[in-house]
Amino acid sequence: MSDFEDKLQTAIANPQNMGEMADADAVGTVGNPECGDMVRMWLKFTEKDGKKIIDRASFQSFGCQTAIAVASLATEMLKGKTVAEAREMKSADLSKPLGPLPPMKLHCGDMVEGALRDALRDDRDTTAAESSPAPASNTNTNTNTNTNTLLGDMQQPALRSGKLKVIKL
Ligand code: FES
C-alpha cells in the first residue's frame, strides 16, 4: 500500500466532523458534474481577541474516499482559523496531512476547497468582520444558511430551481 493509500485509509477509518450542523453560521456546497460527487461544508464562527474565527466546521459528502478524508482533515484544520486565514487555504493546504494527492484525485481536494470558498463567499469584508465581534446569535453573513442534508437537496428539485449551485472546478 502506498504512503498516500495508507494515510487515506487511516483518515476515512474515523472521519471527523461528518454531518450537518444545525446551528451553522454559514454553509457552502460544491458539486462536480464530471464525477457526480458533492461536498457541503458548515461553519460556526466565534469571536476571539476581537477577531472572527471558525469555531467549528463539519461536512457531508457523497464523494469518494479522498474527498471524505480531505474534508475530515480540513474541518479539523479550520478550527481556530480566522476568516482571512481560511480564505488563504488552498486544496494542497487542506489535504496536506495526506501528502500530495495523486493527479486523478486532485479534484477531490478542490471540491473541499470549493465548499469552503462557497461557505465564505458572502463574508467579503474580512477586515471589518475580524475587527468586530462575531454575532452572538445565529446571525449569518452568508445568505445561504440552508442546513438541510445534502441528500435532501439531491432528492429535491434544488438543482433545477438554482437553489443548489454546482461549480465546475
Ligand atoms: Fe470526484 Fe473524488 S472522484 S470527488
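Values quoted throughout were computed directly from the atomic coordinates according to the rules given, and no laboratory measurement underlies them. Treat the numbers as computed from the prediction; the structure is a model and nothing was measured. Note that each Cβ is placed from the backbone with ideal geometry, even for glycine, and that neighbours are counted across all protein chains shown.
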Hey, could you check segment 48-62 for residues that are part of a strand (DSSP E or B) and out of contact with any helix residue (DSSP H, G or I) (no Cβ under 9 Å at 6 or more places or on another chain) and say which is surrounded by the fewest Cβ atoms within 10 Å (Cβ to Cβ)?
-> Lys48
For segment 23-36, how many residues are within 16 Å of the ligand (Cβ to nearest atom), outside any loop (DSSP other than H, G, I, E, B) and either among the β-branched types (Val, Ile, Thr) or over 18 Å from Leu73 (Cα atoms) (or both)?
-> 4
State whether one or more residues within segment 80-93 are within 12 Å of the ligand (Cβ to nearest atom) and touching a residue at least 12 places away in the same chain (Cβ under 8 Å).
-> yes
Just for segment 1-22: of the residues that are in a loop (DSSP other than H, G, I, E, B) and without any contact (Cβ under 8 Å) to a residue 40 or more places away in the chain, which one is farthest from Pro97 (Cα to Cα)?
-> Met1
Return the residue satisfying two criteria in turn: it lies in segment 43-79 and is within 16 Å of the ligand (Cβ to nearest atom) and over 11 Å from the mean Cα position of the chain (by Cα), and of such residues it is farthest from Leu8 (Cα to Cα).
-> Phe62
Of the residues in segment 94-120, those that are part of a helix (DSSP H, G or I) and either surrounded by 21 or more Cβ atoms within 10 Å (Cβ to Cβ) or without any contact (Cβ under 8 Å) to a residue 40 or more places away in the chain (or both) number 18
So how many residues does segment 63-90 have that are of a type outside the set (Val, Ile, Thr) and part of a helix (DSSP H, G or I)?
-> 15
Could you run through segment 17-41 and say how many residues are farther than 16 Å from Glu113 by Cα and among the charged types (D, E, K, R)?
-> 4
